[in-house]
Amino acid sequence: MNLSGEPAPTDRPSHFDTLAPVASRRVGLLALVALVYLVVSGGAYGLEDAVGIAGARLTLALCLIVPLTLSLPTALMAAELTALMPVEGGFYYWVKEALGPFAAFVEAYLTILYTATDMAIYPVLIAAYLAFVLPLGPAAQVAVGVALIWLSGALNIFGARPVGNTSIALMAAITVPFAALVIAGFPRLLHWTVPAPSPHGGDLLGALGGALTVVIWNFSGWENLSMVAGEIENPRRNYARAIAIALPLVTLGYLMPLTVALSGAGSTAAWRLGYFVDVGRHLGGPILGFALAAGGAVSAFSIFDAAMLWVSRMPYVLAREGYLPPQLARVWADRATPATSIVACCVVFSLLMPLGFVALVVLDVFFYMGALVLEMWALVRLRKLRPDRAGLFVVAGGRPAILAVVAAPILTWLATFGLAVSHNDGARSLIVSIVLAAGAWPAYAILRRRYGGPPATL
């Protein structure tokens, strides 16, 4: 590898796009749509636990509500701020410019926390779906997971464009089995029957909080690819266009299979991670069941691979900002990729031990939503600090629209706290989340003292 011996400069905005490759290596619109789809969704896999927790009716209702209260506002925020600041490092620099260095560090710190839990979820998903296809023991599952981590790392080292092009094929591989499921169950759509109500044992708050946490996890992440804005063709225009295309695809990708599977459903107690495979076997026989199981494993890898694209830029950005060792800011000049940062991420993810799907999702959603609050605050502040938006995408509707965009996701998040109120496990996860989040200040002080931190002014 032709690694640059010097870290990228950190003291001038003109260096924000250090990773920007030549035009022929940037991610085009179609690949960006596929990447957004995979980063946010990757198919209906992962929703099964929500059905098992809250039942059919509440889960279907949440899959209608959350796209409006969380996905759409976050997508609008991401489109506006990417158009305003299409820089490598995306949401970190939005928060830094609007709220200052410490807030930006907190944004990065929370992002790293939810990324660590998020990346630990995918080996759980891979193992759950591979178990339907291959008789893999625990050691084999770990070996497969580690191999896929390093395969993803290799793809990312060779650049954003190969990852984007691969994502188009992977998106198709994920979509086809669910399309077959919907076609096989089309009579259920024509004669759809309302599923039976699910008893919650008097714990409606806990059921709502648990299911909503899983649904939020499945519908979040619209701003994440702003982290690689410097590697996207015409990000000011294409990011908003990609989101506009991907949002209905993601929503329908969840609702259509779920609607087919839950038509006239009685008890949903058997719904668990991987249950779509059982639905496929029932509607289309063993071949469709096998296709959905294989698709689940492909989905988990696809999401991991797409996430690695932006996640690996976080250590790179923090190293350039003076919070991490400067070696992490080195760039492979031939491909304009932060190869050292990518390898470091692969090492860390290989060491992560899954805690179980729902437990990980609770931690993931808390940290993600905390970071999202800072991004929404930045949206409001940058309206005042940088009012000149001629020719750029702006959320229409003035102050009332901005207030709605900011408030809706936060109110949606607050509803998940019913899980903490109702369950000891939920309360424990919330306490752990708060304690870990509170570590932002000492981490900031220690790393700033150790590596110097960013300059006081740009």
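Every number in this text was worked out from the coordinates using simple rules, so none of it is lab data. Predicted model, so just to flag it, every value in this text is computed and none were measured. Here the Cβ positions follow ideal geometry from the backbone for every residue, glycine too, while neighbour counts run over all protein chains shown.
For this structure, a couple of remarks:
- Here is how the number arises for the chain: DSSP H runs of 4 or more residues each give -39500 (n - 2.57), the sum is divided by the residue count, and the result at 222 nm is -23000 deg cm²/dmol.
- Rounded if a/c under 1.5, otherwise prolate or oblate - the range 58-108, Cα gyration tensor axes: prolate
- Evaluated at q = 0.09, 0.11 Å⁻¹: base-10 log I(q)/I(0), Debye formula over Cα of the range 29-451: -0.53, -0.81
- Counting only alpha carbon atoms, the long axis of helix 398-414 and the longest principal axis of the chain meet at about 60°.
- For Thr337, distant residues with modelled amide H under 5 Å away: Trp332
- Range in the chain, longest, excluding exposed trypsin sites (Lys or Arg not before Pro) [loop by DSSP; at most 16 other beta-carbon atoms within 10 Å]: 1-271
- Put simply, the amide H of Val228, placed in the peptide plane, has neighbours under 5 Å in Gly89, leaving out anything fewer than 5 places away on its chain.
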